[in-house]
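Below is one structure, written out as structure tokens; the observations come after it.
No value in this document is a laboratory result; all are computed from the given coordinates. On a predicted model such as this, the values are computed, not experimentally measured, just so you know. In this analysis, Cβ positions are derived from the backbone assuming ideal geometry, glycine residues included, and neighbour counts consider all displayed protein chains.
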């Protein structure tokens, strides 16, 4: 690649970073459940993305690159779990990760349902929880989620439907 | 409710500084590489094509401009010329003058 092309690529990447930093961090935070690991995961995601950006941009054919970024974060998080051979130290399955995202007002002012949802999300299978994170924390549509998770649009729709159904069951259970 | 439970999380400023510093380092490396390429490239004959093409394009454009202007003045020169040789002399002089003007402007 000519250096002038590389400079243009760097500029495009800076824009990608600016637009999607919050998405990657949100995903990382909900995935690993603590700020320390989420920061490491976010940085590693963007470094890895930078290395493969040229090819991704060429192959994207104009489609958004957010699913590709989230997929990198997803793979890195999986590696993090594997390397540690256990669940995250302050995992989303634990009590702190999700709860700290909400103000006392949220949780105290008759928000029992919210508290139950938060607890319910923690108990969902990983894949369903991830789909919900992408849909509700990142605002991704079915197609984007499908690309990020390496699934078909149809399978993603079913996955989300089942995740919400299961969560409803958990929240409404006596 | 799900949207409320899964609110987006703003990255801390320290992370922005950290990631941007790392990425800036990589971008600076790219700029250094570009500078090195511009100087280094001239040593490699394979990279001479680009400046040669640029010069050729410039020269062609300049020539076309001179021809256009001299042609525009042709009627005036023809009227003022006493014979074909005088017309040729005036045309060559005009072309040289136009070429000088363009060269001065560049």
- Stretch gain in nm, segment residue A:79-residue A:165, where the contour uses 0.36 nm per residue and the Cα spacing is subtracted: 28.0 nm
- Contour minus end-to-end for residue A:15 and residue A:61, with contour as 0.36 nm per residue of separation and end-to-end as the Cα-Cα distance? 14.8 nm
- Assuming R0 = 25 Å, what is the FRET efficiency of residue B:13 and residue A:51, from their Cβ-Cβ distance, to the nearest 0.05? 0.50
- Query: Sorted by packing (mean other beta-carbon atoms within 10 Å per residue), highest first, where do A:76-82, A:63-69 land?
  - Reply: A:63-69, A:76-82
- Task: Would you tell me the mean number of C-beta atoms belonging to other protein chains that fall within 10 Å of each C-beta in A:45-58, as a whole number?
- Result: 1
- Task: Return the average number of partner chain Cβ atoms within 10 angstrom of each residue Cβ along peptide A:62-70.
- Result: 0
- Query: Given 0.36 nm per residue, what is the gain on full extension from residue A:22 to residue A:36 after removing their alpha carbon distance, in nm?
  - Reply: 3.5 nm
